[in-house]
Amino acid sequence: MTIDVATGLARILKQEGVEWVSTFPVCKVNNALGREGVPMVMMRDDRYAVAVADAFSRIMGGSKIGVCTFQGGVNAAGLQVAFAGMAQAFEDGSPVLCITDGISAGETENSQFDVTSALKSVSKWYGQLDKPERLPEFMRRAFTMLRTGRPGPVVLAIPNPEAQYDDAADPYVPVKGSKSMPDPSDVSGAIDLLLKAENPLIYAGEGVIYADASAELKEFAELVNTPVVSTLKAKGAFPEDNPLFVGVRGDQVNHYLDKCDLLFAIGSSLSPGRFSHGIPNAKKKTIVHCTIDELHVNKAYPTAQAVIGDAKFSLQALIADVKGKGGRPAGNVASEVKAVRDEAMTKYREAMASTDKPINPYRVYAGLMEALDPQKSFVTHESGNTRDQLSTVYDTLVPRGFLGWGNVSSLGFSFAATIAAKLAHPDKDCVAVTGEAGLGYMLGQLEVALRQQIGITVVHVSNGGFSGYGPGFWGDGHDPFTHKVLGYDDVDMSKVIGELGYHTERVTEPGDVVLALKRAFEANASGQPAYIEFICSQFPVYGGWVSKS
Ligand SMILES: Cc1ncc(C[n+]2csc(CCOP(=O)(O)OP(=O)(O)O)c2C)c(N)n1
Ligand SMILES: [Mg+2]
């Protein structure tokens, strides 16, 4: 049957299991999505349209693909704003499908902004549909790339959504992703090195979550009796109540990164960045690197042994190999982890019990841990202290019980992530924890949760400034001229946001933290979003990142 490209696209998305599409108007395929019954989550700007779909892919570990649409083509206004979201998705390796208008033949080379080179720089693949009958081919290719190899965004530009093609000529069949197993001799070599090491350390990255390999990681770590560090983006890949869990950051992580003679990386690019650890004295250590992508082997550090393949298959092979070789002796690894961790956590645990006013932010995080069921909740941070502090202390027991994000971390993503989390898991309590800066980004988006009745909670650690930037408690801070904004004495954000229709509270008493959170989650259960402003001190104290040396 002859149909138009936009209708064909909508039907293929449905065949591929896409349940909704996030968008900001206009994109010329949207009307066909509406007609074909694909629900649209309309955000209030294009960056957030990308971010919601991006976050959904992350939260689902790529088992479902987030899809978004935004304006492009000759009038690339939407695309220019969406670009920020695509850059973030590309930086963090998120398998999101971005659909935008394309530039028709005869209209190219009109604008100053070079759409093609811009989109190529933020995608795993950018395809412009140059003939309507190629739609099935492009979609097969897109979903293959979204489900295979190192995750990353795919961008499709559709120049003429009304162009007709015969959908029976090349009937669409959903595509399956493929995974690869590592070379057995690499697996054996990796285990031989591990068994020789005196103080090995496992360094788990987000690839473990994308490969759905948390159970295998736990089995492997226990079998080889080796402590585990998780990256920010992998937080929750290893259960954080396990005696072998060291942490994401904090003095105990520094201790183990320093002390290890062998670093066994799984599912991480091992790129020392702004929000990840470097490996101190790397040249004196043995680095085993299990990764899906050769791009990262011998990148920042010499790799003693690469194991290239899907993290689950790699871990299964590593488990089988080590079982044949007898494993590692039990020793006192777990008791040492506990001692080092307890010592490092003492100051944070004190802050978590603080009765200070304004409220210590750690008291709010302790309240979250008390009010939420760790198995049935989703928490994410913002850029700023909420990231640094939550990733130091928030106990995550299941993958994506906490979403850590940001090789670089673009403010405002937490709201998109929490919307996506609630759409993915309507039964979970979903919370974004933000400071002033993240809140500023998300203010324009708050209407979405009301309109769509998405019951999420925004927790605002309200401290009147960019607290890591100002004088703080220790001297002048790193940006003393640009850290003050209107604070809680100047404006009552709970009233502002309350007027919109959110359940809001302003909490000044440490003893009220847990009850206020519980009331917010109750409101969420009936589809009402909530905003809770906790009047907090500026307390820029958190675990650092170890630098590469
Ligand atoms: C898009 C973007 N621009 C700039 C930054 C740099 N940045 C990181 S945190 C921050 C301010 C954080 O202040 P606030 O939200 O009040 O959190 P606090 O640290 O006080 O808890 C800024 C400007 C960023 N991460 N993202
Ligand atoms: Mg602040």
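Listed values, structure above:
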{"read-out": "Stokes-Einstein diffusion coefficient of the stretch 258-306, Kirkwood radius over Cα pairs, 10 °C, 1.306 mPa s, in µm²/s", "value": "146 µm²/s"}
{"read-out": "Rg to Rh quotient for the chain, alpha carbon positions, Kirkwood Rh", "value": "0.98"}
{"read-out": "Dipole magnitude (debye, nearest 20) for the chain, charges at Cβ of Lys, Arg, Asp, Glu", "value": "880 debye"}
{"read-out": "Share of Cα-Cα pairs in the stretch 322-461 lying beyond 20 Å, as whole percent", "value": "54 percent"}
{"read-out": "Rough spin-label spacing in nm, given labels placed 7 Å along Cα→Cβ, for THR482 and SER549", "value": "3.1 nm"}
{"read-out": "Net charge over other residues, Cβ less than 11 angstrom from the Cβ of SER314 (K, R count +1; D, E count -1)", "value": "-3"}
{"read-out": "Share of carbon and sulfur in the accessible heavy-atom surface of the chain [1.4 Å probe, %]", "value": "52 percent"}
{"read-out": "The chain - share of DSSP beta bridges that are antiparallel (%, nearest 5)", "value": "5 percent"}
{"read-out": "Amide H partners (placed H, <5 Å) of PHE378, local residues excluded", "value": "ASP429, CYS430, VAL431"}
{"read-out": "Relative packing of 202-210, 279-287, 437-445, 104-112, which averages over residues the other C-beta atoms within 10 Å, highest first", "value": "202-210, 437-445, 279-287, 104-112"}
{"read-out": "Solvent-accessible heavy-atom area per residue, rounded to whole Å², over the stretch 398-446 at 1.4 Å", "value": "24 Å²"}
{"read-out": "Within the stretch 338-489: Cβ-based charge dipole about Cα centre, in debye rounded to nearest 20 (Lys, Arg +1; Asp, Glu -1)", "value": "300 debye"}
{"read-out": "Radius 12 Å from Cβ of MET345, net charge of other residues (Lys, Arg +1; Asp, Glu -1)", "value": "-1"}
{"read-out": "Packing-based order for 38-49, 91-102, using average beta carbon neighbours within 10 Å, highest first", "value": "91-102, 38-49"}
{"read-out": "For PRO529, net neighbour charge (Lys/Arg +1, Asp/Glu -1) across residues whose Cβ lies under 15 Å away", "value": "-1"}
{"read-out": "Proximal lysine pairs, the stretch 193-301, alpha carbons under 20 Å, eight or more residues apart or interchain", "value": "13"}
{"read-out": "Separation between Cα centres of the stretch 87-108 and the stretch 310-375, rounded to whole Å", "value": "38 Å"}
{"read-out": "The chain, helix-only ellipticity at 222 nm - DSSP H runs n ≥ 4, -39,500 (n - 2.57), divided by all residues, nearest 500", "value": "-11000 deg cm²/dmol"}
{"read-out": "Globularity index of the stretch 342-389, i.e. its alpha-carbon radius of gyration over 2.2 N^0.38 Å", "value": "1.21"}
{"read-out": "For the stretch 237-364, convex hull of alpha carbons as volume per residue, Å³", "value": "140 Å³"}
{"read-out": "Descending semi-axes in whole angstrom, ellipsoid equivalent of the stretch 108-165, from the Cα gyration tensor", "value": "20, 19, 6"}
{"read-out": "Most to least packed among 423-429, 522-528 [average Cβ atoms within 10 Å]", "value": "423-429, 522-528"}
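The values are calculated or read from the model by the stated rules, or taken from the named source; none is laboratory data. Just so it is clear, the model here is predicted, and its values are computed rather than measured. So basically every Cβ, Gly included, is an ideal-geometry build from the backbone, and we count neighbours across all protein chains shown. Please note that ligands, DNA and RNA were not included when accessible areas were found on the heavy atoms of the full protein model with its side chains. Shrake-Rupley method; radii C 1.70, N 1.55, O 1.52, S 1.80 Å.
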